[in-house]
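First comes the structure, then the notes that go with it.
The values are calculated or read from the model by the stated rules, or taken from the named source; none is laboratory data. Nothing here was measured: the structure is a model prediction, and the numbers come from that model. Every residue, glycine as well, gets a Cβ built from its backbone with ideal geometry; the counts of neighbours run over all protein chains shown. Each accessible area value is taken on the protein alone, full model and side chains, heavy atoms only, with ligands, DNA and RNA left out. Shrake-Rupley method; radii C 1.70, N 1.55, O 1.52, S 1.80 Å.
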Amino acid sequence: MRNAIRFVTPLVAALVVAVACSAPRAGSTPTPSATGTPNFTGKTLNIVTGGTGAVYIVYGAGLADLLNRRLGTAASAQSTTASVDNMKLIRDGKADVAFTLADTAFDAVNGKGSFASPEKPADAKVLAVLYSNLTHLVVKESGGINTVTDLKGKRVSMGSAGSGTEIIANRTLEAYGMDPASDISRERLGAQDSANALRDGKIDAFFFSGGLPVPAVLDLATGTKIKMLDLADSIQKMSTKYGNFYFPIKIPKTTYNTAADVTVSGVANLLVVPSSFDPALAQAILATMFDNKADLVKVHAAANDLTLESAVIGSPIDYHQGAIDFYKSKGVWKK
């Protein structure tokens, strides 16, 4: 797996095209082909993802490349600080497709958390539940940090500002009776910068919410002996306070060559679009993803979790009508 991650890194760099936030929307009516089938050739799609060293940017670059090859779209994957900012870009008409965590999507649509007044909620719908994120709390094995409460007074990266990781990290510390504003020395770094800072002794720990394996953590583990802290005691407390988004899930010791499996909080990842998104294009995107799943798996192993049955389970926001029509055609829509 480590070799696979290194192999796709140059590929992802080649696939990712940075686009301005003012990229054109994909909301116009598609041109019918001679057979009456919508033609999406040249259709611009701004797919907002995440930062370097994480999974969203890898998966999103692969998705953009797949849509361009199979549908003829002009899709680009934009690197962002991830979930919160992605939902704001959807809300503000500056993105067409977004990767986001389920808890962030719920807050965005319902005007809670980072989207509470004076912020505005997002008018968005889901296309699919993609895979599960796992909350990584990474420390050096030799650092003397064994439990979450050992983080008091330590230098901790809580994730980039505007990321879903930061939300989950705050909620995790709260679940352990800690004040994330005062009990730690807070840093706000993305996955790659966090891994680099831990390796170089500039921080003592970092949170990151991502699918397995997170490339930055995997690379860190090749040269630095790390461990993951168990977060089992936080899950029910977080669900009770914030909503039923969190579930127990294990990070196997084989993932990063750590000493033991640990139980952490999991949360679903969603692929979302504006509510006004073209239903025919929504169906075409899903059909392309499922028909060419092997291409996405080559980019990142998280795409293995994409199935028709799981794509319709676990979203806290409503599905787009185009997605509903697609899943009905496949016989998996039960609602």
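Of note:
- Helices (runs of 4 or more DSSP H) wholly inside segment 98-213 that include at least 2 residues being farther than 17 Å from Tyr242 by Cβ: 191-199
- For segment 304-322, the candidate set comprises residues that are in a helix (DSSP H, G or I) and either farther than 17 Å from Ala102 by Cα or without any contact (Cβ under 8 Å) to a residue 12 or more places away in the chain (or both); within that set, the residue that is most open to solvent (accessible area, probe 1.4 Å) is Glu309.
Condition check ((1) under 19 Å from the mean Cα position of the chain (by Cα); (2) farther than 17 Å from Phe207 by Cα) across all residues:
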| residue | (1), (2) |
| --- | --- |
| Gly223 | no, yes |
| Asp233 | no, no |
| Lys250 | yes, no |
| Thr255 | yes, no |
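- Only a single item in (1) under 19 Å from the mean Cα position of the chain (by Cα); (2) on the phi > 0 side of the Ramachandran plot is not met by Gly177, and it is number (1).
- Enumeration of residues in segment 300-335 that are touching a strand residue (DSSP E or B) at 6+ places or on another chain (Cβ under 6 Å) and among the aromatic types (Phe, Trp, Tyr): Tyr319
- Pairs, first outside any helix (DSSP H, G or I) in segment 232-243, second open to solvent by less than 20 Å² (accessible area, probe 1.4 Å) and not polar (S, T, N, Q), C-beta under 7 Å, six or more apart: Gly243/Asp103
- Contacts under 6 angstrom Cβ, first residue in segment 268-279 being farther than 17 Å from Ser83 by Cα, partner open to solvent by 10 Å² or more (accessible area, probe 1.4 Å), 6 or more apart: Ser275/Asp123; Ser275/Lys125; Ser276/Gly27; Pro279/Gln321
- Cβ pairs under 9 Å, 6+ apart, first in segment 183-211 and within 16 Å of Ser160 (Cα to Cα) and open to solvent by 40 Å² or more (accessible area, probe 1.4 Å), second aliphatic (A, V, I, L, M) and at pLDDT below 95: Arg188/Ala161; Gln192/Ala54
- Taking the listed residues Leu134, Leu101, the one that is in contact with a Lys or Arg (Cβ under 9 Å, 6 or more places away or on another chain), at pLDDT 95 or above and open to solvent by less than 10 Å² (accessible area, probe 1.4 Å) is Leu134, with no other qualifying.
- Residue in segment 151-182 that is farthest from Lys225 (Cα to Cα), counting only those that are of a type in the set (Ser, Thr, Tyr) and surrounded by 24 or more Cβ atoms within 10 Å (Cβ to Cβ): Ser163
- Set Lys237, Lys227, Lys241, Lys202: member being in contact with a helix residue (DSSP H, G or I) (Cβ under 7 Å, 6 or more places away or on another chain), on the phi < 0 side of the Ramachandran plot and not aliphatic (A, V, I, L, M): Lys237
- Filter pass, Thr263 being in contact (Cβ under 8 Å) with a residue 24 or more places away in the chain, surrounded by 14 or more Cβ atoms within 10 Å (Cβ to Cβ), hydroxyl-bearing (Ser, Thr, Tyr) and not in a helix (DSSP H, G or I): yes
- Candidates Leu296, Leu271, Leu286, filtered to the one that is modelled with pLDDT of 95 or more, under 19 Å from Thr49 (Cβ atoms), touching a Leu at 6+ places or on another chain (Cβ under 9 Å) and in a strand (DSSP E or B): Leu271
- Check on Leu281, open to solvent by less than 10 Å² (accessible area, probe 1.4 Å) and either modelled with pLDDT under 95 or closer than 26 Å to Ile168 by Cβ (or both): no
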